[in-house]
1. Take the residues of region 3-17 that are part of a loop (DSSP other than H, G, I, E, B) and aliphatic (A, V, I, L, M): which is modelled with the lowest pLDDT?
2. I need every pair where a residue in region 97-115 that is farther than 13 Å from Leu57 by Cα has its Cβ under 6 Å from the Cβ of a residue that is in a helix (DSSP H, G or I) and of a type outside the set (D, E, K, R), sequence separation at least 6 or different chains.
3. Output the residues belonging to region 66-125 that are over 16 Å from Ala140 (Cβ atoms), part of a helix (DSSP H, G or I), open to solvent by 70 Å² or more (accessible area, probe 1.4 Å) and out of contact with any helix residue (DSSP H, G or I) (no Cβ under 7 Å at 6 or more places or on another chain).
4. Val22 - would you say it is β-branched (Val, Ile, Thr), farther than 17 Å from Pro112 by Cβ and surrounded by 15 or more Cβ atoms within 10 Å (Cβ to Cβ)?
5. Regarding region 150-171, can at least one residue be identified that is assigned to a loop (DSSP other than H, G, I, E, B), under 27 Å from Ala82 (Cβ atoms), modelled with pLDDT under 95 and among the aromatic types (Phe, Trp, Tyr)?
6. Looking at region 147-197, which of its residues are among the aromatic types (Phe, Trp, Tyr) and either open to solvent by less than 70 Å² (accessible area, probe 1.4 Å) or over 30 Å from Val103 (Cβ atoms) (or both)?
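The values are calculated or read from the model by the stated rules, or taken from the named source; none is laboratory data. Just so it is clear, the structure is predicted and the values come from calculations on it, not from any experiment. Here the Cβ positions follow ideal geometry from the backbone for every residue, glycine too, while neighbour counts run over all protein chains shown. In case anyone asks, the SASA skips ligands and DNA or RNA and just uses the protein heavy atoms, side chains included. Shrake-Rupley method; radii C 1.70, N 1.55, O 1.52, S 1.80 Å.
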Amino acid sequence: MARPRKPLLSTDRIVETARALVDAEGLAAVSTRRLAAELGVSGPSLYNHFRTKDEILEAVADSVSAQVDLSMFEDGRDWRTALHDWAVSYRNALRDHPNIVPVLARGPGRRPAALRLADAAYGAMVEAGWPPAQATSIGALMRYFIMGSALGSFAGGFVDDASAYDPADYPHLGQAHLLAEQQEKIDERAFEAGLTALLDGLALQYERVRQQV
């Protein structure tokens with residue numbers, strides 16, 4: 001009986017395997033040797049698709065950018081609602097793949113999905129009446145805020161040991177040991193509070209911009 005054929009090596013399969021490895025073990029776990037072993041192929045066969053490890057990580061990063069919903073910039077939502085919904089989708093994608101954020105933080109470079117993301121956000125702001133320079137700034141500040149929120153958990157940074165928060169030293173941290181167990185709720189609430197404050201500030205700027213037209 002013929003032995004089953006191994007799945008053909010493809011760019012998508014390499015990226016999916018590398019993304020799973022990054023998610024599970026971090027960026028340092030990725031090497032061409034490790035990927036080849038995970039894929040059940042010889043190392044040189046990877047070079048038919050990617051020349052370097054950095055190219056693989058760039059492709060992984062772009063696959064995460066491709067998960068961000070951009071429909072809110074095309075379906076008639078006002079600029080503030082669109083930015084809010086985009087930020088939530090963007091953060092959700094990064095929250096699912098936090099270990100790739102340092103690569104994404106370098107900027108879009110030549111990554112197609114990342115460039116489409118930047119193009120959609122910038123274009124929507126200009127079409128809404130923001131001057132190009134301010135539309136650029138909005139894209140930048142949203143990126144700072146979203147990526148910063150994805151780099152780590154505020155609540156998860158506190159240990160669940162009450163003895164770590166001696167009231168003699170930290171009189172206001174008597175409940176800090178309870179934060180970690182409510183990590184998701186606290187982090188979501190903080191993100192929404194920060195996003196609302198950011199958008200409120202932009203709305204005030206927008207009113208001034210429109211008065212000058």
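1. In the first step, residues of region 3-17 are kept if they are part of a loop (DSSP other than H, G, I, E, B); the result is 3-10.
Pick out the ones that are also aliphatic (A, V, I, L, M) and you get 8-9.
On the way: Leu8: 76, Leu9: 89.
Going through the qualifying residues, I end up with Leu8.
2. Pro98/Ala150; Ala113/Ser65; Ala114/Ser65
3. Hits for region 66-125 are Asp96, Arg116.
4. Working: β-branched (Val, Ile, Thr): yes; farther than 17 Å from Pro112 by Cβ: yes; surrounded by 15 or more Cβ atoms within 10 Å (Cβ to Cβ): yes.
Yes, satisfied.
5. yes
6. Of all residues in region 147-197, those among the aromatic types (Phe, Trp, Tyr) come to 154, 158, 165, 170, 191.
The answer is Phe158, Tyr165, Tyr170, Phe191.
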